[in-house]
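First the structure, in the form of structure tokens, and then the observations on it.
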Amino acid sequence: MPEAALHVGSGKVRELYALDDDRLLLVASDRISTFDVVLPTEIPDKGRVLTGLSGFWFARTREICANHLLSLRPDGRSTECRRLEMLPIECVVRGYLSGSGWKDYNATGAVCGHTLPAGLTESAELAEPIFTPATKATTGHDENIDDERAAELVGKSLYDEVAGVSIALYRFAAEDARARGIIIADTKFEFGLDEENRLVLGDEALTPDSSRFWPADDYRPGGAQPSFDKQYARDYCETLGWDKTEPGPELPADVVAGTRARYVEAFERLTEIAFDDYLANPSVVLA
Ligand code: Q0Z
């Protein structure tokens with residue numbers, strides 16, 4: 001726990017501290033969730049992989065949108081960032097039909113007001129990525145909303161700006177990742193406003209916790225796709241007949257090792273930086 005910092009929030013697998021009036025410290029733990037339940041077993045270095053990937057994408061997308069990153073701490077899991085006034089919507093972009101997007105499409109033929117062609121299969125690539133905002137649920141799952149409701153929540157001109165920036169960020173990262181064998185099926189951004197009311201990308205960005213990462217080599221539309229990072233843990237959980245309620249099961253050492261290796265593999269494929277080099281000096285991802 002960082003010294004002289006006030007704890008101001010907890011996510012499922014992250015902690016947030018105030019450093020001073022203007023700066024926050026975002027700390028990514030090694031906790032992992034499967035089927036929305038945090039497991040009692042940690043994945044060593046998972047928080048460092050996610051922090052490094054977020055930093056990597058922040059550094060590479062700053063021409064598309066300013067972001068909250070100030071620095072990465074030497075521990076590799078802590079991000080010093082500017083404190084923002086966060087917007088009350090989750091900015092989801094989908095390039096493929098999966099999760100709640102697939103559910104909504106099946107029920108209505110549309111996702112967040114985007115009517116899609118008939119006959120799409122689960123995990124199909126969309127002709128163009130779509131912006132599908134959601135409200136931040138205080139409990140349970142985020143709720144998909146249409147663009148009219150989202151525009152009410154943040155104002156029409158800011159809504160148009162976050163939608164455009166979100167699509168541009170997704171296109172940039174998805175194309176880059178695809179060339180390195182990873183499909184970013186969808187992703188969630190969170191934006192805020194700085195003291196001058198400028199739009200700033202916050203939170204984590206384009207990590208496997210805020211996105212669906214799929215191995216491109218195994219991509220077979222027509223069903224659910226394996227998760228690049230969590231599939232070993234999910235498969236193991238499925239062998240147990242666990243009912244997916246708290247508490248989650250402990251993971252055996254081989255599942256922990258296999259899962260850690262997948263996180264490190266995602267980091268190294270996307271950044272083209274050896275993970276050991278990141279551990280020695282986390283700022284290498286910002287160069
Ligand atoms: C992020 C969250 C976490 C719990 C608030 N730059 C920022 N300025 C103001 N607020 C936030 C940020 Cl990133 C902010 N969250 C999400 C992260 C633990 C909640 F690590 N909440």
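Checking each residue in the range 5-25 for being in contact with a Phe, Trp or Tyr (Cβ under 8 Å, 6 or more places away or on another chain) and crowded, with 17+ Cβ neighbours inside 10 Å picks out A5, L24, L25.
Got a sec? Which of R48, R60, R23 is of a type in the set (D, E, K, R), in contact (Cβ under 8 Å) with a residue 40 or more places away in the chain, near the ligand (Cβ under 10 Å from one of its atoms) and out of contact with any helix residue (DSSP H, G or I) (no Cβ under 6 Å at 6 or more places or on another chain)?
R23
Considering only residues in the range 63-91 that are small (G, A, S) and either within 21 Å of E195 (Cα to Cα) or not in a strand (DSSP E or B) (or both), the one that is nearest to the ligand (Cβ to nearest atom) turns out to be A66.
Looking at the range 17-47, which of the residues that are part of a loop (DSSP other than H, G, I, E, B) and hydroxyl-bearing (S, T, Y) is farthest from D243 (Cα to Cα)? It comes out as S29. Considering only the range 92-129, state which residues are part of a loop (DSSP other than H, G, I, E, B) and among the charged types (D, E, K, R). Matches in the range 92-129: E122 only.
Taking every residue in the range 196-220 that is in a loop (DSSP other than H, G, I, E, B) and pairing it with any residue that is away from the ligand (no atom under 13 Å from the Cβ) and acidic (D, E), at least 6 positions away or on another chain, the pairs with Cβ-Cβ distances below 9 Å are P208/D229; D209/D229; Y219/E125.
Contact map, the range 172-194: residues that are among the acidic types (D, E) paired with residues that are assigned to a helix (DSSP H, G or I), Cβ distance under 8 Å, separation 6+ or inter-chain. Pairs shown: D176/R60; D176/L270; D186/G99; D186/G101. Screening T108 with (1) within 16 Å of the ligand (Cβ to nearest atom); (2) over 30 Å from D30 (Cα atoms); (3) without any contact (Cβ under 8 Å) to a residue 60 or more places away in the chain gives one miss only, at (1). T187 falls short on exactly one of the conditions (1) within 16 Å of the ligand (Cβ to nearest atom); (2) over 25 Å from L270 (Cβ atoms); (3) not hydrophobic (A, V, I, L, M, F, W, C), and that condition is (2). For first residues located in the range 66-86 and under 22 Å from S166 (Cα atoms), partners that are near the ligand (Cβ under 10 Å from one of its atoms) and among the polar types (S, T, N, Q) and lie 6+ apart or on another chain with Cβ distances below 6 Å do not occur.
When restricted to residues that are aliphatic (A, V, I, L, M) and within 20 Å of R60 (Cβ to Cβ), the range 186-238 contains 6.
Where a number appears in this text, it was derived from the coordinates with a stated rule and is not lab data. This is a predicted model, so every value here is computed, not measured. Don't worry about glycine lacking a Cβ; one is built from the backbone with ideal geometry, like all the others, and counts go over all protein chains shown.
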